Amino acid sequence: MNHRAIGIDLGGTQVRAALVDDSGKVLRRASTRTDVQGGPAAIIAQFRQLIGDIAGGAERQALAGIGICAPGPLDSETGTFIHIPTLPHWEDFPLRDRLSAELGLPVVVEGDAIAAAFGEWRFGAGKGLRHLLYVTVSTGIGGGVVADGRLLHGRRGMAAHVGHFRMFVEGLAQGPRCSCGAVGCFEAFAAGTALDQRARQAAFDHPESPLARMAAVGALNASHVVEAARHGDAVARALIDEEADYLGAGFTSLIHLYSPERVIMGGGVSHGFDLMQARIHAVIAATALPSFRDVEVVEAGLGDNAGLVGAAALIMFNERGG
């Protein structure tokens, strides 16, 4: 096994790259704003630039390869993008084969949450477990699963799109609409964007609150809610409690489905995990079947590096046959 690889995290806002060793340590990293409008050709040029920034010359030739993670759906068996709403012009693009031919290195392409799950399993909060569920709660909600000591891929590598299972609530037809177009998805209730929307409404309804004062300065997002809650804003605290209830309900269903030893929460909303942890566990204790109530929910150990480290590890541990 080669002892170093590059992980690339392709998002709709940023492209991030890191040189990672086989202990999971990030040795160097670089990033740039995603050239979304430039399409695949422009972004591949960004890949080359970032790779050159963190690994040049002989060091690059000694790499195990390049692991790339991106939001789905994508076909990780063939390394082909299918349709990613935040990245237009990538439909049916064979990224793995195109980039491998250009760089002369093995390339693996994987869904970002599945890559993060692999990173957390190898090096983070899931190290040593045989069964885990990773859930990223950010702009959307995604997931990755390790079951029976193996990373779960599913058909075309598209397993664990956990943000799009339906959550039952009274009057579901009038519930929140998801980015996928359906009504009532877990993502529509609990993603960071859903929390953002509830925060804006709460600031309007409570103009005297610190949260409303934040809204007067700029657009509210989940990080503002967390900040205000930490400073004792009762309106923000209520929003955090509501978010914890939604997450607890969603995690309970996923625990029943996958039977993990541990649920690992990552993504931007996890920066407020300490404010939600007790309530999430209370929901699980109150609503899960008795034999599932001991499953703990923890914050990701690798933080924002989970996808980068996991993508590189996929190459170093030959998870996709490199």
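Let's see how each residue does on (1) part of a loop (DSSP other than H, G, I, E, B); (2) touching a residue at least 12 places away in the same chain (Cβ under 8 Å); (3) over 17 Å from the mean Cα position of the chain (by Cα); (4) surrounded by 24 or more Cβ atoms within 10 Å (Cβ to Cβ):
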site	(1), (2), (3), (4)
63	yes, yes, yes, no
68	no, yes, no, yes
86	yes, yes, no, no
91	yes, no, yes, no
113	no, yes, no, yes
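Any residue at all in the range 166-177 that's aliphatic (A, V, I, L, M), surrounded by fewer than 13 Cβ atoms within 10 Å (Cβ to Cβ), in contact with a strand residue (DSSP E or B) (Cβ under 7 Å, 6 or more places away or on another chain) and in a helix (DSSP H, G or I)?
So the first thing to find is which residues in the range 166-177 are aliphatic (A, V, I, L, M), and the list is 167, 169, 172-173.
Next cut, surrounded by fewer than 13 Cβ atoms within 10 Å (Cβ to Cβ) only: 172-173.
Restricting the remaining residues to those that are in contact with a strand residue (DSSP E or B) (Cβ under 7 Å, 6 or more places away or on another chain) gives 172-173.
Keeping just the survivors that are in a helix (DSSP H, G or I) gives 172-173.
Scanning the range 166-177 turns up at least one residue that is aliphatic (A, V, I, L, M), surrounded by fewer than 13 Cβ atoms within 10 Å (Cβ to Cβ), in contact with a strand residue (DSSP E or B) (Cβ under 7 Å, 6 or more places away or on another chain) and in a helix (DSSP H, G or I).
Name the residues in the range 199-250 that are farther than 20 Å from residue 280 by Cα, surrounded by fewer than 16 Cβ atoms within 10 Å (Cβ to Cβ) and of a type in the set (A, V, I, L, M), would you?
Answer for the range 199-250, where residues must be farther than 20 Å from residue 280 by Cα, surrounded by fewer than 16 Cβ atoms within 10 Å (Cβ to Cβ) and of a type in the set (A, V, I, L, M): 216, 217, 219.
Identify all residues within the range 299-322 that are touching a strand residue (DSSP E or B) at 6+ places or on another chain (Cβ under 7 Å) and open to solvent by 30 Å² or more (accessible area, probe 1.4 Å); write none if there are none.
299, 305, 319, 320, 322, listed by residue number.
From 189, 251, 204, grab the single residue that is assigned to a helix (DSSP H, G or I), among the aromatic types (Phe, Trp, Tyr) and free of Cβ contacts under 8 Å to residues at least 24 places away in the same chain. Can you show your working first?
Details: 189 fails: free of Cβ contacts under 8 Å to residues at least 24 places away in the same chain; 251 fails: free of Cβ contacts under 8 Å to residues at least 24 places away in the same chain.
The match here is 204.
Have a look at 146, 169 and point out the one that is of a type in the set (A, V, I, L, M, F, W, C), at pLDDT 95 or above and out of contact with any Cys (no Cβ under 9 Å at 6 or more places or on another chain).
Working: 169 fails: at pLDDT 95 or above.
The conditions single out 146.
Within the range 42-57, does at least one residue satisfy the condition of being more than 17 Å from residue 311 (Cα to Cα), more than 24 Å from the chain's Cα centre (by Cα) and among the charged types (D, E, K, R)?
There is at least one residue in the range 42-57 that is more than 17 Å from residue 311 (Cα to Cα), more than 24 Å from the chain's Cα centre (by Cα) and among the charged types (D, E, K, R).
Against the condition over 13 Å from residue 306 (Cα atoms) and either open to solvent by less than 10 Å² (accessible area, probe 1.4 Å) or at pLDDT 95 or above (or both), how does residue 121 come out, does it pass?
For residue 121, the condition - over 13 Å from residue 306 (Cα atoms) and either open to solvent by less than 10 Å² (accessible area, probe 1.4 Å) or at pLDDT 95 or above (or both) - is not met.
Here is a check on your reading of the model: is residue 160 in contact with a Pro (Cβ under 7 Å, 6 or more places away or on another chain), at pLDDT below 95, surrounded by 17 or more Cβ atoms within 10 Å (Cβ to Cβ) and not acidic (Asp, Glu)?
Working: in contact with a Pro (Cβ under 7 Å, 6 or more places away or on another chain): no; at pLDDT below 95: yes; surrounded by 17 or more Cβ atoms within 10 Å (Cβ to Cβ): yes; not acidic (Asp, Glu): yes.
In short, no.
If you take the residues in the range 178-198 that are open to solvent by 60 Å² or more (accessible area, probe 1.4 Å) and over 22 Å from residue 273 (Cβ atoms), which one is modelled with the lowest pLDDT?
179
Hey, can you tell me all the residues within the range 297-322 that are within 11 Å of residue 24 (Cβ to Cβ) and of a type in the set (S, T, N, Q)?
Hit for the range 297-322 is 305, nothing else.
Can you confirm whether residue 266 is surrounded by 17 or more Cβ atoms within 10 Å (Cβ to Cβ) and either in contact with a Leu (Cβ under 7 Å, 6 or more places away or on another chain) or closer than 20 Å to residue 139 by Cβ (or both)? Before you say what the answer is, go through the steps one by one.
Details: surrounded by 17 or more Cβ atoms within 10 Å (Cβ to Cβ): yes; either in contact with a Leu (Cβ under 7 Å, 6 or more places away or on another chain) or closer than 20 Å to residue 139 by Cβ (or both): yes.
Taking the combined requirement at face value, the residue satisfies it.
For the range 210-241, how many residues are out of contact with any Leu (no Cβ under 9 Å at 6 or more places or on another chain) and under 13 Å from residue 198 (Cβ atoms)?
So the answer is 2.
The values are calculated or read from the model by the stated rules, or taken from the named source; none is laboratory data. Just so it is clear, the model here is predicted, and its values are computed rather than measured. Cβ: placed from backbone, ideal geometry, glycine included. Neighbour counts: every protein chain shown. Remember, those area values only see protein heavy atoms, side chains included, never the ligands or the DNA or RNA. Shrake-Rupley method; radii C 1.70, N 1.55, O 1.52, S 1.80 Å.
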